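Undergrad: The structure's right below; bear with me while I get my questions together.
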Amino acid sequence: MNQTESGPILTSDGIPLKVSLKKAERINKIRAFLLVLPLLAFILVTFLVPIGDMLARSIDDRQINTVFPKTFEVYKKWDRQGLPSEEVYKTMFFEVKNSEGYDIGKASTRMNYSKSGWKSLLKKSKRKFKKIEEGPYKEQMIAAEKRWGDIEYWKALGQMVDPTTMGYYLNAVDLKYDSSKNIVQQKENRRIYNKTWFKTFKVSVLVTFFCLILAYPISYLLATLPLKYSNLLMICVLLPFWTSLLVRTVAWMVMLQQKGVFNNLMVMAGLIADENRWQLMYNQTAVIIVMTQILLPFMVLPLYSVMKTISPTYMRAALNLGASPLHAFYKIYMPNSIPGVSAGCLLVFIIAIGYYITPELVGGKDGQMVGNWIAYHLKTTLNWGLCASLGAILLAVMTVLYWAYNKIVGIENIKLG
Amino acid sequence: MADKEQFVRFEKVDKSYDGEVLVVKGLNLDVPKGEFLTMLGPSGSGKTTVLMMLAGFETPTSGEIYLDGDPISSIPPNKRGIGMVFQNYALFPHMTVKENLAFPLEVRKMQKSEIDEKVSNALAMVELQDFGSRMPLQLSGGQQQRVALARSLVFEPRLILMDEPLGALDKNLREQMQYEIKHIHERIGITVVYVTHDQSEALTMSNRIAVFNDGKIQQISTPDVLYEKPDNSFVAQFIGENNQLKGKVKSINGNSCIITTDSGEDINALKVNINNVGDVSTISLRPERVAINSTEQFENVFEAKVKELIYLGDHIRTRVEVCGNDQFIVKVPNSYKDSNLQEGSTVKLSWKTSDSRALDLG
Amino acid sequence: MLKTIKATFLGLVSLAFVASAYADITFVSWGGAYTASQQKAYVDTWSKGSGVTVENYNGGLGEIKAQVEAGNVTWDVVDVLPDQAITGCDEGLFAKVDQSEFLNDLVVPPVSECVVPQIFWAYTAFYDKAAFPGKKPKNIKDFFDVKKFPGKRGIHTWANALIEMALVADGVKASKVYDVMSTPEGIDRAFAKLDTIKDHVVFWSAGSKPLELVSSGEVVMALAYNGRIGAAILSEGKNFEYIWDATVLEQEYLVAIKGGNEAEALEFMAHASSAVSNAEQAKYIPYGPMRKSSIGIIKKGEPWFVKEGGNIDILPHMPTTPKVLKRAVIGDPVWWADNGAEVHERFGAWKGS
């Protein structure tokens, strides 16, 4: 060996060892990369791109700027005191009249989010403007559709000047832009989202809590029973999984409604009076009962698989060391089952927070979750911007929860089995 | 106050799990205070069940167990004050080494300062002073083993049980730990009941060994007696290497007898476990007690054919055919005088009557 | 060996060729008895009917928008609600159609240039005769009057029709309902009326639910789709009675999705919206045709509704007879396309408060 002590170590053919090692490792790295490539591409296409698209939609506001570019140009000069000038009307007139295809339809849908009525205003105007030959246009437009003389419509346009908007996010938390783009509270009778957020979280937390309370002893039993019994019990736990969600939901209705099985039994047993039957259906109680039952397996499975790995000798050792069975359970068994508890809670909470069909069916007036509003706007109003912002907030909340969880418990402590 | 010789006492203890098979049959056993008693036997012989009954995790189906004179069958395990080292240590994975050691003391509501002192003493005893804040999984197997040992001792129990505690360690570490445990036992003089299926472990560590088979103690004795004077062929087989020669009892004369092997040779043997002329018997004979081409006088001398020589450094393991048994092993010391053994050659084997023990058929 | 492959290949090609002589379109509707009636009335009777694949959906434009935006249109003809017919046409999701054939034969003008007429269906109140042995509720005022007729009411979880009915119950004339609704005070008035029954309400969201609620006695009266009530009376022999007051008539249209198999789709829609097809559908479900001439065909053909053991008169179960129309509200999809989101949010807030 002729290298000095401080110099780099060389391989036998004189190349520095680190370089040589890197070279040898590179081929392995490339191979590893190629192996995960299909999955990476799959995740990119099915997960990252849609989420990116959703985030983009939640702030995108270009639909109408491209349809009325000139109007927005002259609109900026308007002082927003009285009605706009003839120039604004005139520009608007021609851009509506000469618009082609579906652009104006899409624009009107967007404009309708800011002020209800834009949709029919533009549609009717396009038809009626055909008859107007020459200026001045302001009076003729107002004569054709008197809403053109309503300053509120013009003010609403101001919210759409910029190509991006936070309006959808504001909407999702009961705020809005006023006509000069200040953030203000939504009209009182339209404040619905904050309440819905609160309700959604409350229900999800309660469902998670009840799932945990019910699943823990069952999982413990499953994990400690001999295999032939635990398999049978496991089938009982999973059996509801195999029946249709709708069938189960309807079954609960039959069970819980005021003239249903449960109330009938209570009346028959003389525990409650016929006219004082309990209201167990079509309210929050029903939502929580039914969702707890549906989501229970998602708590049992991770708990069970973690508990299965807790060696029974831990408990024996604790007893042997002098701990009472309760103390041993609390100090030894429970801490070791925490990874399963965390996994189960996170799983159930995440699923619960997005639930909407079941709550709507059994919840009556209390059955409106955030998911219901997303579905409503996705399907009926086509306000996908609002859907995206609601979805993005859900995503953000989950991310924050996950982050907090990682800080407090540590993500390596989550275990599905 | 109970008899010191009966610190632990099993009295006619039976145990059955399913009501059909007895895994422990009519066990009577006394363990004197301070003794290191090993229960040795193949798996399924009932030894672990006996240990679990003593620890309180299993209850005897009938009979009674006494500890220091008191019946303990109805005392729950956490009130028995018996320390135990489990097969896979059973260190609590979510607690540091110190917390593990402090656990039995906290349960007993000791003062914090007292706990700290006892914990560090216990750590010092197993030479792990610097590892107190580690998690168990950050320790090597041998270190975990020592922590488990320290934890079982830290609350000063009356009795320590060990359930194959060294089973998961590799050979070198196992031997080292055997001595450590033995020395700790000698130092603090605590009573130990140890379970293993490894006979050399049992021989190394124990004051007495109880050999279990089929739910019963076959023989209970000190290691040397057990090795040199097995009471029956199971014990002879189970402990140490052993040559067997089968035959029928030809005559009995006081303490000795003559057995005729199936191939017709008469062997002088010690009468141990046979009763009548005509019984079938197995003669047990330790390989190191057979002399090869010896000029001394022996009661038994036979011609044998060398079948195989295995060189093992300090001795040569020689397989020969004698008295109709071609699996007969002789250990020949690797000294100059015997170095001319050849496979296929004929040699003269000889042994004493007292070394050939006539046992049951086995 | 090679020969076999070749023969198989040619066989497959010719099979594909033969198949292409038939229509290859996907027709998407709401499922259940309604789709069954469509199947019998004009899918099976169409010359290329064997090439029509029928699928179900739960309404809304979400899937359609996703298909059009992705450029992967698998639905060709869809059965839509009127406000969605407007929004979808505006957004360019639907193809425009030639409406000259039926334009003058419709009860109300079509809501957009993209639609062909299907049916009128209606939200109407009903009850089980057994629930009211004495005085029976006669109009929508009675539905909103929990003192006169105590007991729970079943209503749906969205705002459509409820606003209209509340206003009529509050004294607004059926023909003036949308004028009142177009003022902020009008909406306030409707919600104030809804407040009076809020504590006596059971909500439903699936169309079969109000029938179960009334049958089981969980509620004494409910709003429901008239076709469901009719089916329960006609097919299951239920003892239900309609309250034909402030019945809100909703239009139902067929549209062709842009970028789908438009040519075949339009051909199918022309067949489906003919006067005969419109009338034919009423043989199987008590919804009202939108074409005036179809009503004439039915009147002449009574008993029109097909039932084993003898046909039944269908007109008494129709929401479009003069007797019903006199007291009905014809739903205004344009108003709902403009104000739907806002009112729906307010309704959500009202439910939750």
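The values are calculated or read from the model by the stated rules, or taken from the named source; none is laboratory data. In this text the structure is predicted, and so the values were computed from the model without any measurement. So basically every Cβ, Gly included, is an ideal-geometry build from the backbone, and we count neighbours across all protein chains shown. Accessible surface areas use protein heavy atoms only, side chains included; no ligands, DNA or RNA. Shrake-Rupley method; radii C 1.70, N 1.55, O 1.52, S 1.80 Å.
Undergrad: Filter the range C:295-340 down to the residues that are aliphatic (A, V, I, L, M) and open to solvent by 30 Å² or more (accessible area, probe 1.4 Å), then identify the one that is nearest to the chain's Cα centre (by Cα).
TA: Keep residues of the range C:295-340 that are aliphatic (A, V, I, L, M), which gives C:295, C:297-298, C:306, C:312, C:314-315, C:318, C:324-325, C:328-330, C:334, C:337.
Then drop every residue that is not open to solvent by 30 Å² or more (accessible area, probe 1.4 Å), which leaves C:295, C:297, C:306, C:312, C:315, C:325, C:330, C:334.
Values: C:Ile295: 17, C:Ile297: 21, C:Val306: 20, C:Ile312: 22, C:Leu315: 17, C:Leu325: 16, C:Ile330: 13, C:Val334: 16 Å.
Ranking the qualifying residues of the range C:295-340, first place goes to C:Ile330.
Undergrad: So for the range C:8-15 (the condition being modelled with pLDDT under 90, of a type outside the set (Lys, Arg), touching a strand residue (DSSP E or B) at 6+ places or on another chain (Cβ under 8 Å) and open to solvent by less than 60 Å² (accessible area, probe 1.4 Å)), does at least one residue qualify? Talk me through it step by step, then tell me what you get.
TA: We begin by selecting, within the range C:8-15, every residue modelled with pLDDT under 90; these are C:8-15.
Those left that are additionally of a type outside the set (Lys, Arg): C:8-15.
From what's left, touching a strand residue (DSSP E or B) at 6+ places or on another chain (Cβ under 8 Å): none.
No: zero hits.
Undergrad: Additional query: Return only the number of the condition from (1) out of contact with any Phe, Trp or Tyr (no Cβ under 8 Å at 6 or more places or on another chain); (2) among the hydroxyl-bearing types (Ser, Thr, Tyr); (3) closer than 22 Å to C:Val329 by Cβ that C:Ser216 does not satisfy.
TA: All conditions pass for C:Ser216, except number (3).
Undergrad: Right, something else. Looking at the range B:56-85, which of its residues are away from chain A (no Cβ under 13 Å) and either of a type in the set (A, V, I, L, M) or surrounded by fewer than 17 Cβ atoms within 10 Å (Cβ to Cβ) (or both)?
TA: Residues satisfying the conditions are B:Thr59, B:Thr61, B:Ser62, B:Glu64, B:Ile65, B:Leu67, B:Gly69, B:Asp70, B:Pro71, B:Ile72, B:Ser73, B:Ser74.
Undergrad: If you check A:Ile30, A:Ile104, A:Ile132, A:Ile43, which single one turns out to be among the β-branched types (Val, Ile, Thr), assigned to a helix (DSSP H, G or I) and open to solvent by less than 20 Å² (accessible area, probe 1.4 Å)?
TA: On inspection, the qualifying residue turns out to be A:Ile104.
Undergrad: Filter the range B:236-257 down to the residues that are surrounded by fewer than 18 Cβ atoms within 10 Å (Cβ to Cβ) and over 18 Å from B:Phe328 (Cβ atoms) and list them by number.
TA: B:Lys248, B:Lys250, B:Ser251, B:Ile252, B:Asn253, B:Gly254, B:Asn255, B:Ser256
Undergrad: For the range A:173-200, which positions are within 11 Å of chain C (Cβ to nearest Cβ) and β-branched (Val, Ile, Thr)?
TA: Residues satisfying the conditions are A:Ile192, A:Thr196.
Undergrad: State the number of residues belonging to the range A:360-370 that are in a helix (DSSP H, G or I), open to solvent by less than 10 Å² (accessible area, probe 1.4 Å) and either basic (Lys, Arg) or at pLDDT 90 or above (or both).
TA: Looking only at the range A:360-370, we keep the residues that are in a helix (DSSP H, G or I), and these are A:360-366, A:370.
Next cut, open to solvent by less than 10 Å² (accessible area, probe 1.4 Å) only: A:362-364, A:370.
Subset that is either basic (Lys, Arg) or at pLDDT 90 or above (or both): A:370.
So the answer is 1.
Undergrad: I'd like to check something: does the range A:185-204 contain any residue that is closer than 30 Å to A:Leu233 by Cβ, of a type outside the set (D, E, K, R) and open to solvent by less than 10 Å² (accessible area, probe 1.4 Å)?
TA: Yes.
Undergrad: Oh, and also: Six or more apart or on different chains, Cβ atoms under 7 Å: show the pairs whose first residue is in the range C:192-208 and more than 10 Å from chain A (Cβ to nearest Cβ) and in a loop (DSSP other than H, G, I, E, B) and whose second is among the hydrophobic types (A, V, I, L, M, F, W, C) and open to solvent by less than 50 Å² (accessible area, probe 1.4 Å).
TA: Final answer for the pair search is C:Thr196/C:Phe144; C:Ile197/C:Phe144; C:Ile197/C:Val146.
Undergrad: Tell me the residue from A:Gly117, A:Gly167 that is in contact with a strand residue (DSSP E or B) (Cβ under 7 Å, 6 or more places away or on another chain), buried (at least 17 other Cβ atoms within 10 Å of the Cβ), within 14 Å of chain C (Cβ to nearest Cβ) and among the small types (Gly, Ala, Ser), please.
TA: Sole residue among the options that is in contact with a strand residue (DSSP E or B) (Cβ under 7 Å, 6 or more places away or on another chain), buried (at least 17 other Cβ atoms within 10 Å of the Cβ), within 14 Å of chain C (Cβ to nearest Cβ) and among the small types (Gly, Ala, Ser): A:Gly167.
Undergrad: Can you confirm whether B:Gly69 is out of contact with any Pro (no Cβ under 6 Å at 6 or more places or on another chain) and either in contact (Cβ under 8 Å) with a residue 40 or more places away in the chain or of a type in the set (Val, Ile, Thr) (or both)?
TA: It is true that B:Gly69 is out of contact with any Pro (no Cβ under 6 Å at 6 or more places or on another chain) and either in contact (Cβ under 8 Å) with a residue 40 or more places away in the chain or of a type in the set (Val, Ile, Thr) (or both).
Undergrad: Filter the range A:301-324 for residues that are surrounded by fewer than 23 Cβ atoms within 10 Å (Cβ to Cβ) and out of contact with any Phe, Trp or Tyr (no Cβ under 7 Å at 6 or more places or on another chain) and give the result.
TA: Within the range A:301-324, A:Ser305, A:Lys308, A:Thr309, A:Ser311, A:Pro312, A:Ser324 meet the criteria.
Undergrad: On to the next question. Can you give me the ranges of the helices (runs of 4 or more DSSP H) entirely in the range C:223-314 with at least 2 residues that are over 30 Å from C:Lys173 (Cβ atoms) and not assigned by TED's automatic domain parsing to the domain that holds C:Lys96?
TA: Counting at least 2 such residues, we get C:226-236.
Undergrad: I've got another one for you. Quick test of your reading of the structure: C:His156 fulfils all but one of (1) within 22 Å of C:Lys326 (Cβ to Cβ); (2) under 22 Å from the mean Cα position of the chain (by Cα). Name the failing condition by number.
TA: (1)
Undergrad: List pairs: first residue in the range C:34-53 and among the polar types (S, T, N, Q), second residue in a helix (DSSP H, G or I) anywhere in the structure, Cβ distance under 6 angstrom, at least six positions apart or on different chains.
TA: Here the result reads C:Ser37/C:Gln281, each pair linking the range C:34-53 to a residue that is in a helix (DSSP H, G or I).
Undergrad: Name the residues in the range A:34-89 that are among the basic types (Lys, Arg) and free of Cβ contacts under 8 Å to residues at least 24 places away in the same chain, would you? Write out each step before concluding.
TA: Of the residues in the range A:34-89, the ones among the basic types (Lys, Arg) are A:57, A:62, A:70, A:76-77, A:80.
Scanning the range A:34-89 gives a single hit, A:Lys77.
Undergrad: From A:Asp79, A:Asp53, grab the single residue that is open to solvent by 60 Å² or more (accessible area, probe 1.4 Å), within 14 Å of another protein chain (Cβ to nearest Cβ) and among the acidic types (Asp, Glu).
TA: A:Asp53
Undergrad: Next question, about the same structure. Tell me the residue from A:Leu394, A:Leu378 that is among the aliphatic types (A, V, I, L, M), open to solvent by 20 Å² or more (accessible area, probe 1.4 Å), away from chain C (no Cβ under 11 Å) and under 30 Å from A:Asp61 (Cβ atoms), please.
TA: Numbers: A:Leu378 fails: away from chain C (no Cβ under 11 Å).
That would be A:Leu394, the only listed residue that is among the aliphatic types (A, V, I, L, M), open to solvent by 20 Å² or more (accessible area, probe 1.4 Å), away from chain C (no Cβ under 11 Å) and under 30 Å from A:Asp61 (Cβ atoms).
Let's see how each residue does on (1) closer than 22 Å to A:Val173 by Cβ; (2) assigned to a helix (DSSP H, G or I); (3) touching a strand residue (DSSP E or B) at 6+ places or on another chain (Cβ under 6 Å):
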| position | (1), (2), (3) |
| --- | --- |
| A:Tyr333 | no, yes, no |
| A:Asn336 | no, yes, no |
| A:Tyr355 | yes, no, no |
| A:Leu386 | yes, yes, no |
| A:Lys407 | no, yes, no |
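Undergrad: Now for a separate question. Filter the range A:179-193 for residues that are assigned to a loop (DSSP other than H, G, I, E, B) and touching a strand residue (DSSP E or B) at 6+ places or on another chain (Cβ under 8 Å); which is farthest from A:Ala156 (Cα to Cα)?
TA: Among those residues, the one meeting the criterion is A:Arg191.
Undergrad: Here are the criteria: (1) more than 22 Å from C:Ala337 (Cβ to Cβ); (2) in contact (Cβ under 8 Å) with a residue 24 or more places away in the chain; (3) not small (Gly, Ala, Ser). Tell me which single one C:Lys135 does not satisfy.
TA: (2)
Undergrad: Also: If a residue has to be surrounded by 15 or more Cβ atoms within 10 Å (Cβ to Cβ), among the β-branched types (Val, Ile, Thr) and more than 20 Å from A:Ile218 (Cα to Cα) to count, how many in the range A:233-253 make the cut?
TA: Adding up the residues that qualify gives 2.
Undergrad: For the range C:56-74, does any single residue satisfy the condition of being at positive phi, within 14 Å of another protein chain (Cβ to nearest Cβ) and not in a loop (DSSP other than H, G, I, E, B)?
TA: For the range C:56-74, residues at positive phi, within 14 Å of another protein chain (Cβ to nearest Cβ) and not in a loop (DSSP other than H, G, I, E, B): absent.
Undergrad: On to the next question. Quick one: in the range B:210-228, which of the residues that are over 21 Å from B:Glu11 (Cβ atoms) and touching a strand residue (DSSP E or B) at 6+ places or on another chain (Cβ under 7 Å) is surrounded by the most Cβ atoms within 10 Å (Cβ to Cβ)?
TA: Only one residue fits best here, namely B:Leu226.
Undergrad: B:Ser354 is checked against (1) surrounded by fewer than 18 Cβ atoms within 10 Å (Cβ to Cβ); (2) part of a strand (DSSP E or B) and fails just one. What number does that condition carry?
TA: Of (1) surrounded by fewer than 18 Cβ atoms within 10 Å (Cβ to Cβ); (2) part of a strand (DSSP E or B), only one is false for B:Ser354: (2).
Undergrad: Follow-up. Consider C:Ser100 carefully, then state whether it is part of a loop (DSSP other than H, G, I, E, B) and open to solvent by 20 Å² or more (accessible area, probe 1.4 Å).
TA: Yes.
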